[in-house]
1. Tell me, which residue of segment 305-332 that is in contact with a Phe, Trp or Tyr (Cβ under 9 Å, 6 or more places away or on another chain) and either surrounded by 22 or more Cβ atoms within 10 Å (Cβ to Cβ) or not aliphatic (A, V, I, L, M) (or both) is nearest to Val433 (Cα to Cα)?
2. Could you check how many residues of segment 215-228 are farther than 10 Å from Ala264 by Cβ and not in a loop (DSSP other than H, G, I, E, B)?
3. Exactly one condition in (1) out of contact with any strand residue (DSSP E or B) (no Cβ under 9 Å at 6 or more places or on another chain); (2) in a strand (DSSP E or B); (3) not polar (S, T, N, Q) is false for Leu158; which is it?
4. For residues that are touching a helix residue (DSSP H, G or I) at 6+ places or on another chain (Cβ under 8 Å) and of a type outside the set (D, E, K, R), scanning just segment 37-55, find the one that is surrounded by the most Cβ atoms within 10 Å (Cβ to Cβ).
5. Quick test for you: out of Val316, Val304, Val310, Val378, pick the one residue that is under 20 Å from Phe411 (Cβ atoms) and hydrophobic (A, V, I, L, M, F, W, C).
6. Among the residues of segment 23-45, which ones are under 21 Å from Glu370 (Cα atoms) and without any contact (Cβ under 8 Å) to a residue 24 or more places away in the chain?
7. Within the set of pairs 6+ apart or on separate chains, which have a first residue in segment 66-93 that is of a type in the set (Asp, Glu), a second that is part of a helix (DSSP H, G or I), and C-beta atoms under 7 Å apart?
8. I need a count of the residues in segment 334-350 that are of a type in the set (Gly, Ala, Ser) and touching a Gly at 6+ places or on another chain (Cβ under 6 Å).
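The values are calculated or read from the model by the stated rules, or taken from the named source; none is laboratory data. Here the structure is a predicted model, which is why all the values come from computation and not from measurement. Positions of Cβ are generated from backbone atoms using ideal geometry, with glycine treated the same way; all protein chains shown enter the neighbour counts.
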Amino acid sequence: MKKRLLIANRSEIAIRIIRSAHKLGMTAVVFQSDREPDALYLKYADEIIPAKDASNEKAIFLDAERIVKFALEYKIDLIHPGYGFLSENPDFAALCVDNGINFIGPSPELIRDMGLKTVAKSMAIKAGLPLVPGSDGPVKDAEAATAYANKIGYPVILKASAGGGGRGMRIVEKPETIERNFKSASDEALAAFSNGDMFIEKYLQNPKHLEFQILGDKHGNVVHLGERECSLQRKHQKIVEEAPSASVTEKMRAEMGEMAVRFAKSIGYFSAGTIEFIMDEDGSYYFMEMNTRIQVEHPVTEIVTGVDLVDWQIRVALGEELTLKQSDIHIQGWAIECRVNTEDPQNRFSPQTGFIDKVYFPQKDYIRIETGVQSGSVVTPYFDSMIAKIIVKGNDRQDVIQKTLDALNEFNLIGLKTTIPFCRTVLNHPDFVNATYTTRWVDQVFTPEMLENEDDEIIGALAATIMYASEYLQLSSDLPTYKYDRLNVWVLNKRLNY
């Protein structure tokens, strides 16, 4: 009988997992949330479970007990959590295992250990990985944090022991603000993760954020698939990613990759995961944390290595042994991913909700589009604002930057503002072209004025008028294509994203 795989997630990652499920001959089952009953991913599934979560305080994707209850009722064999939601919740993973459902990911114990940053750091020390100077474990209060800060020197960063995504983090530049920042960070961590423990470490002011993709099986085999550069961030949320990193030499890649594999083996890790490093301006690098799930930016690694990570996640969960050896992994070409969020980058990246009247994605053999929307989709306030990822492959870094810019220029969405103009500005900037950008680039360099275009308003009005006229007049089948192409040429020349 076909294995039945339930995807406890939504949008483009659900479609991505469905693709791998079908490739492996499985039945893909998804939830239909009342918060987005007409979501695009529903069209790709083999079976749909009506979640009926309209009256619930939280959407189905955050309700571990209901997910498992439905899984048992629908005779599910495996559950893939995707990313976000419950993907790094050890209690959810344990609930699946306790009920005889194969959780696609590492063991609940590993998820719990890696989710507690102080525990993960302790394990990293044992494996011989370098760490940023800081506390060995949680600091009990602001007074203890002050003592550490005086020892390692300012600036320092306070981080939640359990959590991520920028929540429970505060940068402290001077002693007189540490008490206030400690309390606000701890309160935020307690609200977000039900754990207010904090640790402290030296703050690197202009670092690079690098992550090594690893893949392990249940038989003790682990390989790494090189690094991704994830330094282009806003409030600790990644926006543009690339693989490989221009800041990593072949020697460094071998060293850091070996560390990542050694660490994963030392803790008995299996499934896909990432070992995250932070690199200082002098080239020194330090272990930061481990993520125990598939990453949003995993496609850039798949493109440059040719390895299907989601495919292997599922196969490893079924007990298969890795057929990949480290000598089989070769990085070829370069890849960039731009996240398309419905946010207004000229207005502090404020979220945009409502109808997508029209959306056009670039179509080239070197472009991979992962999206959860189409023309007519509704972007609701209930979920993350990311609606798509534009992933581009090039022969080298210069080639992929130009190809990505071309792809961004061809993208067109009417109805909501997006981060496309921001991504375009980033890729055109000398700091990105020269690969000197750091995690502080958005804070230190970017200004909304970089996006201003005096023609935007009139071009946007023209685009909307032409679209409306084409539909209203119901032109013959060849004319709309011609009109639309003419419009795209106009948009391309003006670099419109309206």
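1. Out of the qualifying residues, it is Val316.
2. So the count comes out to 4.
3. It fails just one condition, (1).
4. Going through the qualifying residues, I end up with Tyr41.
5. After ruling out the rest, the residue left standing is Val378.
6. Ala28, Gln32, Pro37, Leu42, Lys43
7. Glu88/Ile111; Glu88/Gly115; Asp91/Ala64
8. Summing the residues that are of a type in the set (Gly, Ala, Ser) and touching a Gly at 6+ places or on another chain (Cβ under 6 Å) in segment 334-350 gives 0.
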